[in-house]
Every structure is written in structure tokens, then in C-alpha cells.
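Novice: Let me begin by handing over the structure; questions about it come next.
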Amino acid sequence: IMQMALLARFSLASSEGRESSLEERHAGSDEQTSEQSTKEAFQASHFDSDSRVRLGRSSVNDNLPNTRQLDEECDINDGMIRVPGDRTNYSSDASGEVADRGLSISSAPQRENVILPRLGHVCMEGPFVQRQTSDKGFPRIISSLSMDARDDFSAIENQVRELINDLGSDSIEGQRSATSEIRLLAKHNMENRIAIANCGAINLLVGLLHSPDAKIQENAVTALLNLSLSDINKIAIVNADAIDPLIHVLETGNPEAKENSAATLFSLSIIEENRVRIGRSGAVKPLVDLLGNGSPRGKKDAVTALFNLSILHENKGRIVQADALKHLVELMDPAAGMVDKAVAVLANLATIPEGRTAIGQARGIPALVEVVELGSAKAKENATAALLQLCTNSSRFCNIVLQEDAVPPLVALSQSGTPRAREKAQVLLSYFRSQRHGNSGRR
């Protein structure tokens with residue numbers, strides 16, 4: 001028990017320190033820098049599951065919310081933990097990245113900083129440190145692990161072991177009941193998640209993603225989503241070969257199962273190496289299908305997962321080839337409520353030639369100019385970053401941007417936008433001037 005508690009403590013500590021390292025890990029080239037900023041937006045991690053923690057707005061840099069902030073805003077309904085979803089900050093440089101709705105982005109939850117749901121009164125950090133909620137709702141630290149907490153932990157493990165017997169049984173009713181109970185247990189706190197994984201539930205849950213029973217499949221994928229809030233569990237889920245079964249759920253599940261599968265892939269992609277495995281496993285096409293045909297929540301889960309995948313250069317081409325651009329441009333309609341998220345992904349895709357071509361073909365330029373004029377602060381940053389990529393790499397796109405009357409909103413942005421937005425707007429306006437003077441000289 002002490003070893004498991006120490007593991008939980010280590011997982012939490014490493015998760016909470018991971019957000020600050022994300023930007024550093026992706027710093028380097030100009031493309032990485034811009035992707036970082038966009039990532040700033042999306043890394044807000046969006047989670048939503050039975051414990052559905054939709055990580056809302058996360059930025060790889062200063063914009064990432066911390067765990068305590070998210071915990072205070074969590075709302076628990078029907079066994080599901082929800083973090084308010086429209087907290088996205090998308091920022092982007094000439095190439096960019098983003099994160100949406102509360103989770104981590106490194107190897108675990110919150111956009112790899114673990115964003116944990118409200119902890120209640122259970123022991124979290126291990127045998128020497130225990131976090132409990134005070135009367136005012138703020139965590140307080142208590143030294144030593146109480147006997148009651150140890151007894152609770154043992155009771156949870158005993159309960160999980162009994163449920164695991166049902167998971168592996170041939171009874172549909174038994175599997176339904178067991179997956180439902182594990183799903184609810186995993187939503188409550190980090191200690192439960194560690195205990196469930198230590199008892200060997202992950203492999204069985206992954207196997208049940210192929211269940212022909214829709215409710216078992218939904219419960220299993222939601223339980224994995226809740227379990228993935230732990231960094232240790234993120235690794236265990238991927239090592240259990242869960243990616244292909246999660247893609248199967250994306251393609252065959254009911255609407256909620258598809259949503260939670262996309263959210264789980266996002267959670268797993270917080271770990272940088274997993275973005276490679278997920279992209280190469282064929283997840284992009286079903287995510288794009290969900291982006292185009294899913295429920296509103298499914299679309300948000302899909303765009304968040306795609307944003308995270310688009311941080312990796314090799315996944316950008318896959319996203320473009322899957323015809324994501326037309327859906328992303330459609331989602332730039334303010335009525336869809338996903339402008340910030342869509343623009344963040346576009347800013348990443350604008351860093352490759354095929355992405356710029358697809359943006360032009362999907363009539364994305366007028367939409368980007370409109371965002372520069374009317375969007376949120378972060379959306380303006382990302383839209384300007386995308387326009388900068390389009391204009392500096394194509395005289396034809398540059399002319400289209402000018403024809404859309406982009407100069408007035410860019411001038412306004414260069415004077416009153418965020419520091420990054422002002423910088424990009426000034427660079428773009430300077431580029432317009434140099435092009436005009438160059439054309440004058442040639443005459």
C-alpha cells in the first residue's frame with residue numbers, strides 16, 4: 001500500500017511540474033515556437049467523461065491553468081466531472097498549437113500537467129502527505145497517512161478485485177454492472193484511479209472496448225478516460241495496446257462512447273511520444289469524421305484531440321489529407337461556438353504547404369480575416385499567425401488577404417492586441433508594405 005501511495009505521490013508531483021516544461025520541450029525552431037503558442041491554447045486540456053474532465057483552455061506557456069484553479073471550477077453531475085469548457089486560450093506563432101478544456105499535455109492529464117478533479121477528502125499524496133478539503137473547499141496538507149485512509153484504500157482494492165472477476169466473466173449483465181461501477185469509482189479521485197490500475201483493470205477494460213454491447217463499450221471507454229487522468233495510468237493504457245481499440249470505438253460506438261474515445265486520445269496525446277503512435281495508428285480519419293458529423297460535444301472533443309496531434313509535424317499532413325480543413329472552416333462560424341479551437345488547429349496546419357493550399361481551397365482566408373477583426377484575443381493571435389504563413393509563402397494568397405480588406409483590422413490589432421498579436425500584425429503589415437514598394441520599383 002505504501003508503495004502504491006508513493007507512486008501516486010510521484011505521479012502527482014511530476015504532473016504538476018510538467019506544464020512548465022512543455023514550452024521548453026517544444027522551443028527551438030520558428031515552427032515549433034508558433035506551435036507552442038497555439039499549443040498554449042489547446043493544452044488547456046479538455047476532458048469530459050463520467051468524470052469527464054474536459055480540459056478547457058490550456059496553453060503551453062503562461063496560459064495553462066493550474067490544477068487548483070480547475071479543481072475549484074469543477075462541476076459534478078451524474079457521476080461525471082466537468083470542467084467548464086469554453087476556457088480556451090489559443091495563442092500561436094507563425095506555426096502553432098493549442099489545447100482546449102482542462103487537461104494536461106505531457107505524459108498525463110492536464111495538458112501535460114495534471115489537472116485533477118476536485119479531490120474530496122481522500123488521501124492523495126502517499127504515506128507522508130495527505131491532501132484533504134477544508135471547510136472552505138481549499139486543500140489542506142496533513143502529515144502521515146491515517147489508519148482510516150489506509151483502510152479506505154484497502155477497501156477500494158478489495159472492491160475493485162471483486163469487480164474485475166465480473167469484467168472477465170461471460171455474463172453481459174455482470175460486465176455491464178462492473179464497468180459501470182469502475183467508471184464511477186474512477187471518477188472520484190486519484191487514489192481510486194491508482195488502485196483500479198494496480199488491480200489489473202486496465203487490460204480488461206481495453207478488451208471490452210470491442211464488446212458488441214453498446215453500454216459495456218461506453219462504460220469501458222469512459223472508465224479509461226477517467227483513469228487516464230493519472231500520468232502513470234496514461235502510460236499503462238498505451239502499454240495495454242489501447243490505441244487501436246479506442247479507434248474502433250471512434251468508428252463504431254454510440255455518440256457518448258465516441259466523444260469519450262476522442263477525449264481519451266487527447267488525454268493520452270499529452271505525452272509527446274504518444275502523438276506519434278496515435279497518428280500512425282490511423283486515428284486521424286475517424287477523428288476528422290467525428291469533427292464533421294459528431295454531436296457538438298463530439299466535435300469539441302475531436303478538434304481538441306486533432307489540435308494536440310497537429311503539434312507533431314508528421315501528423316499535420318495526415319490531418320490535411322483526411323479533409324479536416326473544410327470542417328475546421330465551418331467551425332469558424334461563431335454560431336458553432338468553436339472559433340478559437342478551429343483557428344488554433346488552422347494555425348498549426350498553415351505551417352505546411354498542403355495545409356496552406358487546403359485553407360485557400362476551403363475559403364478559409366475570409367474567415368481568418370473576420371476572426372482578426374471580431375475574434376477573441378487568442379483567436380486573433382492564431383488567425384494572424386495563419387495569415388502570416390499564407391501571405392509570406394504565396395503572392396496569390398497575399399492578394400486575396402488584401403482583397404478581403406485585412407489591413408484595417410490588422411492595423412487595429414498592431415496597436416491594441418496582445419503582445420504576440422501586435423508583433424505578428426506588425427510583421428504582416430510590414431510585409432504588405434515591402435511587397436507594395438517592390439512592385440512599385442519594378443514598374
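Novice: Roughly speaking, to the nearest percent, how much of the stretch 217-313's 1.4 Å accessible area is carbon and sulfur? Intermediate values should be presented prior to the final figure.
Specialist: Working: 1240 of 2560 Å².
Carbon-and-sulfur percentage of accessible area, whole number: 49.
Novice: Placing unit charges on C-beta atoms (Lys and Arg positive, Asp and Glu negative, everything else neutral), compute the dipole magnitude of the stretch 323-442 about its Cα centre in debye, rounded to 20.
Specialist: On the way: 13 positive and 11 negative charges, 93 e Å.
Around 440 debye, computed over the stretch 323-442.
Novice: Translational diffusion coefficient of the stretch 323-442 at 25 °C, 0.890 mPa s, Stokes-Einstein with Kirkwood Rh over Cα pairs, in µm²/s as a whole number.
Specialist: Diffusion coefficient, whole number: 175 µm²/s.
Novice: Calculate, for His248 and Ser395, the FRET efficiency according to 1/(1 + (r/R0)^6) with r their C-beta to C-beta distance and R0 35 Å; round to the nearest 0.05.
Specialist: Details: r = 46 Å, r/R0 = 1.30.
Using R0 = 35 Å, I get an efficiency of 0.15.
Novice: If you don't mind, another one. In what sequence, largest accessible area first, do Phe432, Phe307 appear using a 1.4 Å probe? All intermediate terms of the calculation are to be shown ahead of the outcome.
Specialist: Numbers: Phe432 20, Phe307 0 Å².
If we order Phe432, Phe307 from most to least accessible, we get Phe432, Phe307.
Novice: Let me ask something else. If Arg183, Arg420 are ordered by their accessible area, calculated over protein heavy atoms with a 1.4 Å probe, which sequence runs from highest to lowest? Walk me through the numbers on the way to the answer.
Specialist: Working: Arg183 15, Arg420 60 Å².
Ranking Arg183, Arg420 by accessible area, largest first, yields Arg420, Arg183.
Novice: Still on this model: State the extension gain, in nm to one decimal, for the chain segment bounded by Glu330 and Glu373, taking 0.36 nm per residue of separation less the distance between their alpha-carbons. Can you show the working numbers first?
Specialist: Working: separation 43, 0.36 × 43 = 15.48 nm, distance 1.77 nm.
Here the answer is 13.7 nm.
Novice: Starting from the Cα of Arg363, step 7 Å along the direction of its Cβ; do the same at Ser171; then give the gap between the two resulting points in nm.
Specialist: 5.8 nm
Novice: Over the stretch 323-442, what percent of the accessible surface lies on carbon and sulfur atoms, probe 1.4 Å?
Specialist: On the way: 2460 of 5200 Å².
In the stretch 323-442, the share of accessible area belonging to carbon and sulfur is 47 percent.
Novice: If you take the beta carbon distance between Asp323 and Asn239 as r and set R0 to 25 Å, what does 1/(1 + (r/R0)^6) give as a FRET efficiency, to the nearest 0.05? Numbers along the way, then the final one.
Specialist: Working: r = 32 Å, r/R0 = 1.28.
In this case the efficiency is close to 0.20.
Novice: Using a 1.4 angstrom probe, figure out how much accessible area the stretch 323-442 has per residue, in square angstrom, rounded to the nearest whole.
Specialist: Values: 5200 Å² over 120 residues.
I get 43 Å² per residue for the stretch 323-442.
Novice: Turning to a different aspect of this structure: Keeping all protein chains in place, calculate the accessible area per residue for the stretch 207-291 (probe 1.4 angstrom), answer in Å².
Specialist: Working: 2400 Å² over 85 residues.
Per-residue value: 28 Å².
The values are calculated or read from the model by the stated rules, or taken from the named source; none is laboratory data. In this text, all values refer to a predicted model and were calculated from it rather than measured experimentally. Methodologically, a virtual Cβ is constructed for each residue, glycine included, from the backbone with ideal geometry; neighbour enumeration extends over all protein chains shown. To get the accessible areas, we keep the full protein, side chains included, count just its heavy atoms, and leave off ligands, DNA and RNA. Shrake-Rupley method; radii C 1.70, N 1.55, O 1.52, S 1.80 Å.
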